[in-house]
Amino acid sequence: MKLASLMHGRDGRLVVVSRDLTRATDAFPVVPTLQAALDDWDRLAPRLADLAEGLEHGSVPSFRFHEHDCSAPLPRAFGRFVGRDGVAEPTAARSTGALGPRQPVRAVDERAGLVAEAGLAVIAGDVPALAGPAQASSLIRLVMLGCRVMETAGAGGDVAREVACSFSPVVVTPDEIGPAWHDGRLDLPLLCRVNQQPLQRGEAAGTVAAGELLAQAAGRQALQAGTIVAWPVALPQEQPLRFGDSVRIEMKDPAGHSIFGAIEQEILPAG
C-alpha cells in the first residue's frame, strides 16, 4: 500500500496512491489524515488496503497524482530521531515540521557550508518502552526517503545545525516493497543527484536495521504512533551547496520504477 498527504491545512489530506504513482483516491471515507490512520492502524489499515486494491482495479473514483501537490507525509510528527552507523543510539532531532518534497529549502547563509544528507526513514506505531529490536521492527508501519540539509562548522566539516528536513511524497508499507525489505533493511541503492552532476548511488541498507534504531530510540520511554526514525546513507558530496543548487533523491525497484517518488528541492536564500 502506498499513501501520500496532499497539501491541505496543517496535517495534509490523506490519499491512497497507485503502485505506479500515477493515480490516487481520497482516503477521507476511511480517515482524513495519516496521523489519524496511525493512531488506529490495526482497524484502519485493512480498510485503506481495500481502497488501494480498488484503485488498482479501477473500481473507486480516482484522479491524477502529482508529486508536487504533496506535503510531507507527516507535516507534524510527534517525534523524530536520527541514527547513524556506529553510534550507540539515535539522537532526537528538532521538532519543527518537515518540508514537502518539492518545497525549496531556505537557508540564511550559503557560506555556512551547506550539505545534503540523503537517507531512509520509517514511521512507527506505538512502541512500548524497553521494546526489543524484533518487536520494534514489527511496529514499523511505513517506509520513506528522507533528506536533511545541514550547516557544517568550520573547515573540519562537523555538522552544526539542521536547516531543514523533508521526506518523499509517498510512504510505503513494508510488504509493498517486497523481498528487498528484510530484517528492517532495504537492499536497494539510493539515487542522488545535485544539479546535473553524475548520478550518485549509495547502498541504502548497509549495517543499519530500522528495528534496532527504533528500539534504541524508545529505550525506557514509549514512543507515540507517528514517530519517525531516519538514518543517512553515505553519498560523497564534492562541494558545499550554493543558492540555486537543486538536490534530487529517489529509489527505484529492480524493474526501474520509482518506489517513493522523488524529493527534488532547490536551495534558496531565506526571506
Neighbour-limited loop hits for trypsin sites (Lys or Arg not before Pro), the stretch 1-77 (at most 10 other Cβ within 10 Å; DSSP other than H, G, I, E, B): ARG10
Separation of the ARG10 and GLU162 label points, Cα + 7 Å toward Cβ, nm: 1.9
Cα coordinate range in the stretch 77-269, projected on the principal axes (Å, largest first): 43, 39, 27
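Only counting other Cβ atoms within 10 Å, I'd like ILE267, ILE228 sorted with the fewest neighbours first.
Ordered from fewest to most neighbouring Cβ atoms within 10 Å, ILE267, ILE228 come out as ILE267, ILE228.
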Phi to ³J(HN,Hα) by Karplus 6.51 cos²θ - 1.76 cosθ + 1.60 over the stretch 217-224, Hz, x for Gly, Pro: 5, 6, x, 8, 10, 5, 9, 7
Given charges at Cβ of Lys, Arg, Asp, Glu: the stretch 2-67 dipole, positive-most of LEU48, VAL17, LEU6: LEU6
By average C-beta atoms within 10 angstrom, highest first, the peptides 128-135, 183-190, 25-32, 167-174: 167-174, 183-190, 25-32, 128-135
Per-residue Cβ neighbour rank within 10 angstrom, fewest leading, MET7, MET1: MET7, MET1
Estimated dipole of the chain in Debye, rounded to 20 [Cβ of Lys and Arg +1, of Asp and Glu -1, Cα centre]: 460
Potential extension, ASP40-HIS66 segment - 0.36 nm per residue separation minus Cα distance: 6.6 nm
Those trypsin sites (Lys or Arg not before Pro) in the stretch 221-271 that DSSP places in a loop and that have at most 14 other beta carbons within 10 Å: ARG242
Overall form of the stretch 2-67 per C-alpha gyration tensor (a/c, 1.5; a/b vs b/c): oblate
The stretch 2-67 - charge dipole about Cα centre, Lys and Arg +1 at Cβ, Asp and Glu -1, debye rounded to 20: 180
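Bear in mind these aren't lab numbers, they're just calculated from the coordinates by the rules spelled out. Model, not experiment: these values are computed from the prediction. For neighbour counting, all protein chains shown are included, and Cβ atoms are generated from backbone atoms with ideal geometry for every residue, glycine included.
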